[in-house]
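Participant: One structure follows; several queries about it will come next.
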Amino acid sequence: MPMVNFTHCLLCALWQPLEENVKLKLSQFCQVPVSNIVNLHDVTNIWHIPLLLRDQRAHEAILKVLGLWCVGKVPQEPKLSEWTERASRFDKLKSPVRIAMVGKYTGISDSYLSILKALLHASVALDRKLVVDWVPSCDLEDSAAVETPDAYEKAWGLLKGANGVLVPGGFGDRGVQGKILAAKHARENNVPYLGICLGMQIAVIEYARSVMKLRDANSTEFDPAAKTPCVIFMPEVGCLTSYCI
């Protein structure tokens, strides 16, 4: 039986634009018109993607396949002035803003992907070029000064050079002391601090210990027997992750 091909459009994601001879070969082997083969190569920022699709008339190919081409109420030319402005704005950013991301999983950026995207959008809105410095929280602790002095110096250098400190969510007590030290540094030096989930607990614990002099202050999330619990579990809420400050 002959193989039936239901492919109408071919979008090729790669690091560089396709050469015309390659598009011709793809057209022959995949039985897709050359005009329906679209380059989705690497660009300087994500806002260039709609412009890339428009410039290659990808919308025309899709509308024709769907039978919507020349239908009165369907716009045939996309209005992308905002996208064009945003893409150009991003490319022109020069003034950096350095954010120290203090956590346990700093070697895996995908662990904090949503946070990174939020920071990116915020920095563009403020005309700043985002620079994220990954700071392993364990490397900020006093024990690291003895065990891994180079990592300790690097971590503190990044933290002290940051315009803002972000401590994201996390689990377990490993690296908690390093996060507390990061929160203390931010508070004492008037550096903007954002604590998300565990990061918020860290800020409360640090303030309770340093300012309120409650030396044993802790969260029952990682110290159920805390002598001075400043963040407690609320079983009446009926959720295993419901904590109250």
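Values in this text are rule-based calculations from the coordinates and carry no lab data. In this text, all values refer to a predicted model and were calculated from it rather than measured experimentally. With ideal geometry, Cβ positions are generated from the backbone for all residues, glycine too; neighbour counts draw on all protein chains shown.
Participant: Measure nothing but the geometry: give the 0 to 90° angle between the long axis through the Cα atoms of 113-125 and the longest principal axis through the Cα atoms of the chain, rounded to 10°.
Facilitator: 80
Participant: Taking the chain as a Gaussian network, where each spring joins two C-alpha atoms under 10 Å apart, which residue of GLY175, GLY103, GLY157 fluctuates the most?
Facilitator: Maximum fluctuation in the GNM of the chain, among the listed residues, is at GLY157.
Participant: Take the Cβ-Cβ distance between ARG174 and VAL34 as r, set R0 to 41 Å, and report the resulting FRET efficiency rounded to the nearest 0.05.
Facilitator: Efficiency at R0 = 41 Å is approximately 0.15.
Participant: Determine the distance separating the Cα centre of region 107-122 from the Cα centre of region 157-185; give it in Å without decimals.
Facilitator: Using only Cα atoms to place each centre, the spacing works out to 16 Å.
Participant: While we're on this one: So what is log10(I(q)/I(0)) for region 10-88 at q = 0.16, 0.19 1/Å, when the Debye sum runs over its Cα atoms only?
Facilitator: The computed values of log10 I(q)/I(0) come out as -0.68, -0.90.
Participant: For the chain, calculate the relative contact order in percent as a whole number, restricting contacts to Cα pairs under 8 Å that are 6 or more residues apart.
Facilitator: For the chain, the relative contact order is 11 percent.
Participant: To continue, here is another question. Give me the mean projected area, in nm² to one decimal, of the convex hull enclosing the Cα positions of the chain.
Facilitator: Averaged projected hull area, Cα only: 22.2 nm².
Participant: Here is a further query. Which value at 222 nm does the chain reach when only helices count, each DSSP H run of 4 or more adding -39,500 (n - 2.57), with the total divided by all residues and rounded to the nearest 500 deg cm²/dmol?
Facilitator: -11500 deg cm²/dmol
Participant: Note the angle between two axes, namely the Cα long axis of helix 149-160 and the longest principal axis of the Cα atoms of the chain, as a number of degrees from 0 to 90, rounded to the nearest 10.
Facilitator: The angle comes out at about 80 degrees.
Participant: Taking the chain as a Gaussian network, where each spring joins two C-alpha atoms under 10 Å apart, which residue of LYS64, LYS92, LYS160 fluctuates the most?
Facilitator: LYS64
Participant: Report, to the nearest 10°, how far helix 20-30 tilts away from the longest principal axis of the Cα atoms in the chain, using its own Cα long axis and a range of 0 to 90°.
Facilitator: For 20-30 against the chain, the angle is about 80 degrees.
Participant: Another question about this same structure. Looking at this model, which pairs from LYS104/LYS184; LYS64/LYS92; LYS25/LYS79; LYS117/LYS179 are more than 26 angstrom apart at the alpha-carbon?
Facilitator: Violating the 26 Å Cα-Cα cut-off are LYS64/LYS92; LYS25/LYS79.
Participant: Using a cut-off of 17 Å between alpha-carbon atoms, which aspartates and glutamates can reach LYS160, once sequence neighbours fewer than 8 places away in the same chain are excluded?
Facilitator: Straight-line reach from LYS160, under 17 Å: ASP133, ASP139, GLU141, ASP142, ASP150, GLU188.
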